Amino acid sequence: MTDVVDKSTRSRMMAGIRGTNTKPERVIRTALHSAGFRYRIHVSDLPGKPDLVFPKYKAVVLVHGCFWHRHPGCWWSTTPSSNSGFWAAKFAQNIERDAQNILDLRRLGWRVAVVWECVLRLPRKDEVASVIGAWLESELRSLTLPKGTGIRRAKASGPKSTRAASQQRRDERKPPH
């Protein structure tokens, strides 16, 4: 399938996708700095150049985007329908590289936390910094946020349609038999 935009436009669009200093990274950094934690960012001496490095705690925090790093079961971990062969290979390579980087970091004695982007989309995202802070001060070797397989978009509560809502109101007004 051909692209819907010309080559120079696609190039400009792809160049705008950041690899460092993304919004989720900045949110975590700001919250942790405000909580009194000091860190280094994107240390090139370590495998995978971790997003946040806490030498005092011998710990690193990796902030993973759900799309690029394939968060299992997450709403935002979609796969493009066009050029599926390319994307499948790209995502498999990303997953393999992430696993290898985590393994290498652990072999070097570092504790590893993985924070998925979707946890920062939740209403109580301020708690993420306190959970990471508690983890840093603990002896736990690893942390993954959110716990479990992922975050799904919240389903709307209440009736599915106005017709169903009208029927529900009628039923509530009926006298009991």
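The values are calculated or read from the model by the stated rules, or taken from the named source; none is laboratory data. In this text, all values refer to a predicted model and were calculated from it rather than measured experimentally. Glycine gets a Cβ as well: all are built from the backbone with ideal geometry, and neighbour counts include every protein chain shown.
Worth pointing out:
- Taken together, the residues in segment 18-67 that are in contact with a Leu (Cβ under 9 Å, 6 or more places away or on another chain), under 15 Å from residue 117 (Cβ atoms) and part of a strand (DSSP E or B) amount to 4.
Let's see how each residue does on (1) of a type in the set (Lys, Arg); (2) over 17 Å from residue 24 (Cα atoms); (3) at pLDDT below 95:
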site	(1), (2), (3)
99	no, yes, no
113	no, no, no
125	yes, no, yes
129	no, no, yes
139	no, yes, yes
153	yes, yes, yes
161	no, yes, yes
166	no, yes, yes
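- Residue 58 among the charged types (D, E, K, R) and at pLDDT below 95: no
- Members of segment 92-130 that are in contact with a Pro (Cβ under 6 Å, 6 or more places away or on another chain), farther than 21 Å from residue 78 by Cβ and of a type in the set (A, V, I, L, M, F, W, C): 105
- From the list 104, 171, the lone residue that is within 23 Å of residue 57 (Cα to Cα), part of a helix (DSSP H, G or I) and either out of contact with any strand residue (DSSP E or B) (no Cβ under 7 Å at 6 or more places or on another chain) or modelled with pLDDT of 90 or more (or both) is 104.
Rundown of residues vs (1) in contact (Cβ under 8 Å) with a residue 60 or more places away in the chain; (2) closer than 27 Å to residue 137 by Cβ, yes/no style:
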| site | (1), (2) |
| --- | --- |
| 28 | yes, yes |
| 31 | yes, yes |
| 64 | no, yes |
| 79 | no, no |
| 85 | no, no |
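- Residues in segment 41-55 that are touching a His at 6+ places or on another chain (Cβ under 8 Å) and buried (at least 21 other Cβ atoms within 10 Å of the Cβ): 50, 51.
- For segment 128-145, taking the residues that are outside any helix (DSSP H, G or I) and of a type in the set (Gly, Ala, Ser), the one that is farthest from residue 118 (Cα to Cα) is identified as 138.
- Residue 26 at pLDDT below 95 and either touching a His at 6+ places or on another chain (Cβ under 7 Å) or closer than 17 Å to residue 94 by Cα (or both): no
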